[in-house]
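Taken together, the values in this text are just the output of simple stated rules run on the coordinates, not laboratory data. Please read these numbers as outputs of a predicted model, since none were measured by experiment. A quick note on method: Cβ atoms are made from the backbone with ideal geometry, for glycine too, and the neighbour counts reach across all protein chains shown.
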Amino acid sequence: MTLSADSRGPLGVLGILDACRALSCESRCHWTFDGQGRIRGYYGHRGGAGAAATGSLRVPRQEARRALLARYQHLGGRVSWGKRFLRHTEDENCVTAYFEDGSRCVAEVLVGADGHRSAVRPEELREVGISLVVGISSFRHPLLDRRGFYVVDGSYRLFTMPFSSDLTMWQLSGRRLGGLDDARDVVRNWVSVPVAAGLVDATKEEEVWASPLFDRDPVFDPRTASRVTVLGDAAHPMTCFKGQGANQALADAVTLGRCLSQKLTPPSLRRFEREMFQRAAPRVRASRDAALFLHSPAVLDLYDFNMVKDPDQRRRLVHRLDENGFSATSPDDPDDLEATVRDLIITTVL
């Protein structure tokens, strides 16, 4: 997951920022290639403690969950494992949750944090039209050494990120992707980006997850007196293409805690929902728009280089990179390639 490292943000408020910094997998730069291997974007930093302190963190999902659990238990919280929620009932004073093992729990409020197919508050989902295949690969290459890259061809998009010192996470998205075999078929068409095929081919079937993507426009009813609410994907599922799903769920937790700090009442829940949906709804729409844009021919006209803001300068830079023959097959020494591209950026801007 890509998480904000802002000390005033959710990780800081929840008390797990330092733990997540320690877990973060460093990525010193990212390249963007098209399907022919041509460089269409570059973003990087020279490393050092400042990057982790101010930029984004890349934390394996299960490790972030463990950090949250450790913090919760340190504060005296308890978790009951092995429970499967079935249904709930409520009256004006309490909520009763019923579980598959026959047990039940009575509480003042019930909060569902059970994902986009929530059983606490089932709502109809909207299929975005884009599918996702995610894998963990042991394949090694200079472009994957504390680095990552994108490949875009107008229909499909590959995104990579270091997962650990010797593993890489990759994420292929596009229409009608069912699993690892479909992913292999796509990346083999990128003959000028051989690292993509190497990465996917070295992935084991058990290290792959695939699914269509869904979202839903948030709905807020200020008139209800329910003692039940939901947060995260249960409230506002969104695509992954703006990196906001986990960040919004963590922000929801902070907002909920503040709203319930005085009274565990329906008005407190409605205040939480109003603030949550005002913040999250624009991000749902932005993530949906990004999903459609990144898998359309229009993405091939997008050039993105840090330190270069002017579109005309970006086009000139791409032209110079093409003239000099730099591509996805260039980085025998990634440090030299990065230094050269940085010099081209400086001379193009000046």
Checklist outcome for this item: Residues whose built amide H sits under 5 Å from the amide H of F33, excluding neighbours closer than 5 in sequence, are R40, Y150, V151, V152
Checklist outcome for this item: With x for Gly and Pro, the residue-by-residue ³J(HN,Hα) of region 137-146, computed from phi through the Karplus equation 6.51 cos²θ - 1.76 cosθ + 1.60 at θ = phi - 60° and given in whole Hz, is 10, 9, 5, 10, 6, x, 6, 10, 7, 6
Checklist outcome for this item: Computed for the chain: size of charge dipole around the Cα centre, +1 on C-beta of each Lys and Arg, -1 on C-beta of each Asp and Glu, debye to nearest 20, value 1020
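So how do V230, V106 line up by other beta-carbon neighbours within 10 Å, fewest first? Could the numbers behind the result be given before it?
Numbers: V230 21, V106 11.
Ranked by crowding around the Cβ, least crowded first: V106, V230.
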Checklist outcome for this item: Relative contact order as a percentage, region 260-350, C-alpha pairs under 8 Å and 6+ apart, gives 21
Item to check | Between region 288-350 and region 79-134, the Cα center-to-center distance that results, in Å | outcome: 45
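What ratio of Cα Rg to 2.2 N^0.38 Å holds for the chain? Let's see the in-between values first.
Working: Rg = 22.4 Å, N = 350, 2.2 N^0.38 = 20.4 Å.
That works out to 1.10 for the chain.
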Next on the checklist: Please compute the contact order of the chain in relative form: average sequence separation of alpha-carbon pairs under 8 Å and at least six residues apart, divided by the residue count, as a percent.
Outcome noted: 21
Next on the checklist: Within region 11-27, name every residue whose backbone N is under 11 Å away from a label modeled 7 Å from Cα of H74 along the Cβ vector.
Outcome noted: 14-20
Checklist outcome for this item: FRET efficiency (T340, H319; Cβ distance; R0 22 Å; to 0.05) is 0.90
Checklist entry - Under 30 Å from the Cα of K242, which lysines turn up, not counting those fewer than eight places away in the same chain? => result K204, K309
Checklist entry - By counting other Cβ atoms within 10 Å of each Cβ, how are R78, R279, R314 ranked from fewest to most? => result R78, R279, R314
Next on the checklist: Nearest 10 degrees is fine. How inclined is helix 266-293 to the longest principal axis of the chain, computing both from alpha carbons?
Outcome noted: 20
Checklist entry - If you plug each phi of region 202-209 into the Karplus form 6.51 cos²θ - 1.76 cosθ + 1.60 with θ = phi - 60°, what whole-Hz ³J(HN,Hα) values come out, in order, with x for Gly and Pro? => result 8, 8, 7, 4, 6, 9, 10, 10
Checklist entry - Relative to the longest principal axis of the chain, what angle (0 to 90°, nearest 10) does the C-alpha long axis of helix 334-349 take? => result 90
Checklist entry - In degrees from 0 to 90, rounded to the nearest 10, what is the angle of the helix 245-260 Cα long axis to the longest principal axis of the chain? => result 30
Checklist entry - With contacts defined as alpha carbon pairs under 8 Å and 6 or more residues apart, what's the relative contact order of region 7-163 in percent? => result 26
Checklist entry - With the dipole of the chain worked out from charges on the C-beta (+1 for Lys and Arg, -1 for Asp and Glu) around the Cα centre, which of A22, V109, I39 lies farthest toward the positive end? => result V109
Checklist entry - In deg cm²/dmol and to the nearest 500, what is the mean residue ellipticity at 222 nm of the chain if only DSSP H runs of at least 4 residues count, each as -39500 (n - 2.57), divided by the residue total? => result -11000 deg cm²/dmol
Item to check | Burial ordering of V254, V128, V208, fewest other beta-carbon atoms within 10 Å first | outcome: V254, V208, V128
